[in-house]
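As structure tokens, the structure follows; a few thoughts come after it.
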Amino acid sequence: MSTTPHAAIPATLIPGDGIGPEITEATLRALDALGAKFEWDRQVAGMAGVNACGDPLPQACVDSIRRTRLALKGPLETPVAGGYRSSNVRLREEFKLYANLRPAHTIIPGGRYENIDLVLVRENNEGLYMGYEHFIPIDGDPHAVGMSTGVNTRQGCRRICRFAFEYAISHGRKKVTVVHKANIMKALTGIFLETARELYEKEYKGRIGFEEVIVDACAMKLVMNPWQFDVLVTTNLFGDILSDEIAGLVGGLGMAPGANIGEHAAIFEAVHGSAPDIAGKGIANPIALMLAAGMMLDHLGRQDLGDRLRQGIDDTVNVDKVRTGDLGGTATTAQFTDALVKRLAG
Ligand code: NAI
């Protein structure tokens, strides 16, 4: 998608729950300082949706994204074990946002790992997150047995693997690693591996490298030698877990952005959640959501602005040494944002 340079782009803004509103305001300030013009349609979802209108995914929010096809979203709270179904998962289903793109790039040198540059591509609509779950009551225990059914389709596997191969080639990457557990879950993740192999043999062999790795070994290899990987593609649950692990390689969740991409809409967000333990204290790291906004600018064909934003963040943490607590600094969200805005405006 490309746009005329100065037209304000209509987009839905969901500040979200917990630290969401704090990091969203910080991100808007950064975008303003960049001169990136958006015509925001503010909407609520998650707990904010429940509080405002008794619905974790209000129809107005869905309608807004249907109109704009583009959203920047703060984290949404989901009750654990019971309560309403995740609004994030529902949004991904509603707009068929089948590709979850989660890049991880070292910004601050001197951490546990240097020079990390990995991209995880996670299937976002199928697998074990489809919510086909129930309990079987036995002898008066309503939760005597918990059951879950995962579903992966040939079409869904092909679509996400194609996305990963195309992404890798168009971004000058060297290799795609397909992550699976086909030795045990022979149908559910077997179909994923089989489809990846077939697609590679037919269409991508010779254009990009390819390898296979079992998910448990992958988790270990990421810790031992993450540099051996480049682009990883995997099913929904494994992708969710591995992307948090990968975020840990580059300084934690405060540094990890994500994009949910479908054929007709895209939603950009941080990988992290609403961080209720630090919400309202003004100390959250807004970088992950800012990097997500950078991915949104790239998606809109404004990589020039995305690059300026990323460079500004880099200079703020590395040259000015202004960092929030999760990065070992003492800056508040506002102090970090002030420093970044000064960089972007300068
Ligand atoms: P979390 O990601 O919110 O927090 C995990 C830990 O990381 C906490 O100690 C938190 O303080 C810290 N952290 C996260 N983001 C941070 C930031 N920007 N700056 C500094 N520290 C940060 O995960 P948790 O606690 O498991 O989930 C809380 C809620 O968020 C749950 O309701 C969960 O369902 C929801 N969630 C929503 C997501 C989304 O909207 N995409 C993704 C993950 C969780």
Problem - Residue in the stretch 15-35 that is within 17 Å of the chain's Cα centre (by Cα), hydroxyl-bearing (Ser, Thr, Tyr) and open to solvent by less than 20 Å² (accessible area, probe 1.4 Å) present - result: yes
Practice task
Might you let me know whether the stretch 304-320 holds any residue that is modelled with pLDDT under 95, over 23 Å from Ser87 (Cα atoms) and out of contact with any Phe, Trp or Tyr (no Cβ under 9 Å at 6 or more places or on another chain)?
Solution key: no
Handout entry: Counted residues, the stretch 262-305 - those being within 11 Å of the ligand (Cβ to nearest atom) and of a type in the set (S, T, N, Q)
Key = 2
Practice task
Any chance you could count how many residues in the stretch 198-233 are within 14 Å of the chain's Cα centre (by Cα) and of a type in the set (Ser, Thr, Tyr)?
Solution key: 0
Handout entry: helices (runs of 4 or more DSSP H) completely within the stretch 6-78 that count 1 or more residues being free of Cβ contacts under 8 Å to residues at least 60 places away in the same chain, within 13 Å of the ligand (Cβ to nearest atom) and at negative phi
Key = 20-34, 46-53
Practice task
Could you run through the stretch 324-342 and say how many residues are free of Cβ contacts under 8 Å to residues at least 24 places away in the same chain and outside any helix (DSSP H, G or I)?
Solution key: 4
Handout entry: Count of the stretch 288-317 residues which are over 13 Å from Met255 (Cα atoms) and open to solvent by 30 Å² or more (accessible area, probe 1.4 Å)
Key = 10
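The values are calculated or read from the model by the stated rules, or taken from the named source; none is laboratory data. Being a predicted model, the structure only gives us computed values, none of them experimental. Cβ sites come from the backbone with ideal geometry, for glycine too, and all protein chains shown count toward neighbours. These accessible areas exclude ligands, DNA and RNA; they are computed on the full protein's heavy atoms, side chains included. Shrake-Rupley method; radii C 1.70, N 1.55, O 1.52, S 1.80 Å.
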